[in-house]
Amino acid sequence: MSNDTQVMLGHGSGGSMMKRIIDEVFLNAYGSTEFDRGDDAAVLPGTEKDQRLAFSSDSFVVTPHFFPGGDIGRLAVCGTVNDVATTGAIPKYLSCAMILEEGFPMEDLKRVCQSMAEAAKEAGVQIVTGDTKVVNRGHGDGIYINTSGVGIVREGLDLSGANCKPGDKVLVSGTLGDHGITIMSCREGLNFKTDIQSDAAPLNHLIASVIEAAPNTRCFRDPTRGGIASTLNELAAQSDVDITIEEQAVPVKDAVLGACEMLGYDVFQVANEGKMVCVVPPEEADSALAAMRNDRYGKDAAIIGEVIEAKNADSGCKVYLKTAFGSTRILDMLVGEQLPRIC
């Protein structure tokens, strides 16, 4: 048990503090079999025989509300669509609840809603219900959005972070850190010679293509808060395995890497909003990679590592990074808060 006595920003970071509050507070209070799985969406029985539904919910509190490559509305749709799609489901319907602060410009609200409509159309989903609340001036940050999503799980699929096996290959659908560094540069007024944009995108079509090409895919996971480091540690823990990553194989834009080095950030812990981690059997890795690269959002996809047997599961499963210098270091889950209010 932790010694946490109050909620801190780090409890929403996607790292080890967030895992503690989930395990010790939420799971302890109302955990269920579906909740315990630890995946991005719950898989539930549907209304018809053998039909299963995927259900997920997410809240978005990013500042600034508008940034290169997207806005809080696009994030809200893409984030929930992607969580539902990680189960192998076809996302169908979204809800949208907005908490607005008195004084928020109506033109900005219309702009956010239009962005949500465009992202939903791209993903092929419908926004079918919602809620609106307004809080007093000074008691919010302009706009917060919650979206929940429902999808129909493809027959025969059982994707989960608990399915990874030694020998499996780890893929990522594109360059890391784009979203987190975009938000930080906007927030702090930083200028870079190369334009950096958020990668916010609906990835359900990319996921469908990978499943068709690699039908024995183990799992998908979008490396949002906490970055790919936290995501891989979650998968390792769920499957009781270790994971080894080749640093030189991981796609990162030079501008993002330079910004991380300047600011003192670990690019592996920086948030992404339009990337997907995928674990597949070794014999299907090349097919999965080709499917990713054939999608508009997977042009920079790469095979970056491998699942291995846990060296010492009693001390906790680990993720190892083989560096460009030939050394190996442990790639830890994010501790505390690196980039606050990133989504």
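Numerical summary
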{"item": "Check on Ala214, buried (at least 23 other Cβ atoms within 10 Å of the Cβ), of a type in the set (A, V, I, L, M, F, W, C) and touching a residue at least 60 places away in the same chain (Cβ under 8 Å)", "result": "yes"}
{"item": "From the options Asn163, Asn136, Asn82, residue that is in contact (Cβ under 8 Å) with a residue 40 or more places away in the chain and surrounded by fewer than 19 Cβ atoms within 10 Å (Cβ to Cβ)", "result": "Asn163"}
{"item": "Helices (runs of 4 or more DSSP H) lying entirely in region 1-103 (those with 3 or more residues that are under 30 Å from Arg187 (Cβ atoms))", "result": "16-21, 72-85"}
{"item": "Subset of region 294-328 that is under 24 Å from Leu206 (Cβ atoms) and open to solvent by 40 Å² or more (accessible area, probe 1.4 Å) - its residue that is nearest to the chain's Cα centre (by Cα)", "result": "Tyr297"}
{"item": "Condition met for Ala76 (closer than 23 Å to Ser209 by Cβ, surrounded by 14 or more Cβ atoms within 10 Å (Cβ to Cβ) and under 18 Å from the mean Cα position of the chain (by Cα))", "result": "no"}
{"item": "Candidate set: region 106-118, residues that are in contact with a Gly (Cβ under 7 Å, 6 or more places away or on another chain) and not polar (S, T, N, Q); chosen: the one nearest to Pro68 (Cα to Cα)", "result": "Val112"}
{"item": "Those residues of region 186-210 which are open to solvent by 10 Å² or more (accessible area, probe 1.4 Å), assigned to a helix (DSSP H, G or I) and in contact with a helix residue (DSSP H, G or I) (Cβ under 7 Å, 6 or more places away or on another chain), in sequence order", "result": "Asn204, Ser209"}
{"item": "Criterion: out of contact with any Cys (no Cβ under 6 Å at 6 or more places or on another chain), modelled with pLDDT of 95 or more and among the β-branched types (Val, Ile, Thr) - qualifying residue of Val25, Val61, Val77", "result": "Val77"}
{"item": "Within region 290-343, strands (runs of 3 or more DSSP E) holding 2 or more residues that are of a type in the set (Ser, Thr, Tyr) and at pLDDT below 80", "result": "none"}
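The values are calculated or read from the model by the stated rules, or taken from the named source; none is laboratory data. Note that the structure is predicted; figures quoted are calculated from it, not measured. Neighbour counts run over all protein chains shown; Cβ positions are idealised from the backbone, glycine included. These accessible areas exclude ligands, DNA and RNA; they are computed on the full protein's heavy atoms, side chains included. Shrake-Rupley method; radii C 1.70, N 1.55, O 1.52, S 1.80 Å.
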